[in-house]
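To start, the structure itself, in structure tokens.
Derivation of every value follows stated rules applied to the coordinates shown; laboratory data play no part. No experiment lies behind these values; they were computed from the predicted model shown.
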Amino acid sequence: MPFVIQSRAVDELAWTHEVWRRNRFHAYLTAKAKAQLTGRVYRLLDEDGIELERVHHQGSPEGSSSR
């Protein structure tokens, strides 16, 4: 099952498609690394487009992740 990774800046409303990964673990690790490098917010979507998780930069006021 593919997991889609999307991102947006904190002040943006629209999500941008980034990449996809074959499993949730690899998708989460990719999103976490990208969040730390870019400061953007990332989310993981399943193949039906349902949001599974959001990943934030460690310094984000919203925390590092929410499920």
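Structure notes:
- Long-range amide H partners of Glu53 with built H, under 5 Å: Leu44
- MRE, 222 nm, helices only [DSSP H, n ≥ 4, -39500 (n - 2.57), over the chain, to nearest 500]: -7500 deg cm²/dmol
- The angle between the Cα long axis of helix 24-38 and the main principal axis of the chain comes to about 30°, on a 0 to 90 degree scale.
- A cut-off of 5 Å between modelled amide H atoms, ignoring neighbours fewer than 5 places along the same chain, links Trp15 with no other residue.
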